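The values are calculated or read from the model by the stated rules, or taken from the named source; none is laboratory data. In this text, all values refer to a predicted model and were calculated from it rather than measured experimentally. Note that each Cβ is placed from the backbone with ideal geometry, even for glycine, and that neighbours are counted across all protein chains shown. Heavy atoms of the whole protein, side chains included, go into the accessibility calculation; ligands, DNA and RNA do not. Shrake-Rupley method; radii C 1.70, N 1.55, O 1.52, S 1.80 Å.
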Amino acid sequence: MVVAFFVSTILSVVVYRFVPVFITPLMVIRSVEQVKEGKELKMKHHWVSLDKMSSSMPVAVMASEDQRFLKHHGFDLDAIEQAAKLNKTRNRKLGASTISQQTAKNVFLWPGRTWLRKGLEAYFTVLIELIWSKQRIMEVYLNSIETGDGIYGVEAVAEEHFGCKASELSRANCALIAATLPNPRKFSSKNPSDYTVRRKFAIMKQMKYIPILPKEGQDVDPSTVDGGIYRN
């Protein structure tokens, strides 16, 4: 059983290095929830390659979710340490999940905070960091994230909320989508609240310091990290 687990999980990560992820556990769970609640079944998801997305989209999610994405190897130890210190005095706990961790959870696991799920998340995070490139991790992440009620991925939310393709999203649109990611069923990029709009502008400010994601095989320009200015 142990050998079968490792073989199957490693094989699945290798396959998804090249094959689009058309459905995730979260999509299935949300669909079941919709049926149970008597709602109309809705699952909007259109896979597109990274080169068919606005170059501002990876920048926006890095600014919002994981500013050290291009530097760490799956886990941001500084963010984990900072969150642990802050959580000692906070009722609402602060998370420190990286984009790599969120991708591992979205594609291979289910929502939850159990130690088993967190352990498996760490295991899959190590695997995708070893087997996938940063570009592939970002591509899968942007195609699998929940971006609204029954909406998954950047292409689907671009079509549903902005009436355009993911490649046509403006810098402000990308920041607005990123602003909803903590809870995209509560915060809408189509009808943003005042809080979401303020968060969008805060993300846009941070985007100035985040480099454009380099193309596959290219190294990030060191001058654009930790103090370099990105201009869109």
Practice task
Roll a 1.4 Å probe over the protein heavy atoms and report the accessible area of residue 204 in Å², nearest 10.
Solution key: 40 Å²
Problem - Above-threshold pairs, the threshold being 25 Å between Cα atoms, out of 134/205; 118/215; 105/186; 36/200; 165/186 - result: 118/215; 36/200
Fill in the blank from the handout: Whole-Hz Karplus couplings 3J(HN,Hα) for the stretch 137-152, θ = phi - 60° and coefficients 6.51, -1.76, 1.60, Gly and Pro as x, run 4, 5, 4, 5, 4, 6, 8, 10, 5, 6, 10, x, 6, x, 10, 9
Practice task
Could you look at the stretch 14-56 and say what percent of its accessible area is carbon and sulfur, using a 1.4 Å probe and all protein chains?
Solution key: 61 percent
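If 47, 115 are ordered by their accessible area, calculated over protein heavy atoms with a 1.4 Å probe, which sequence runs from highest to lowest?
Ranked list, largest accessible area first: 115, 47.
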Fill in the blank from the handout: The longest stretch of the chain containing none of the GluC sites (Glu not before Pro) that sit in a DSSP loop with at most 12 other Cβ atoms within 10 Å is 41-215
Completion exercise
Per the rule of 0.36 nm per residue minus the C-alpha distance, extending residue 215 to residue 73 adds in nm 49.3 nm
Practice task
Ignoring everything but the protein chains, give the 1.4 Å probe accessible area of residue 68 in square angstrom, nearest 10.
Solution key: 100 Å²
Exercise for the section: Give the carbon-plus-sulfur fraction of the accessible surface of the stretch 108-172 in %, rounded to a whole number; probe 1.4 Å, heavy atoms of protein chains only. Expected result: 60 percent
Handout entry: Per residue value of the accessible surface for the chain (all protein chains in place, 1.4 Å probe), Å²
Key = 55 Å²
Problem - Accessible surface ranking that places the most exposed of 138, 1 first, with a 1.4 angstrom probe - result: 1, 138
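Can you put 174, 164 in order of accessible area, largest first, using a 1.4 Å probe?
Descending order: 164, 174.
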Handout entry: Area of residue 29 that stays accessible when all protein chains are in place (1.4 Å probe, Å², to 10)
Key = 60 Å²
Fill in the blank from the handout: Amide H proximity to residue 147 below 5 Å, modelled H, separation 5+ or other chain, gives 152, 153
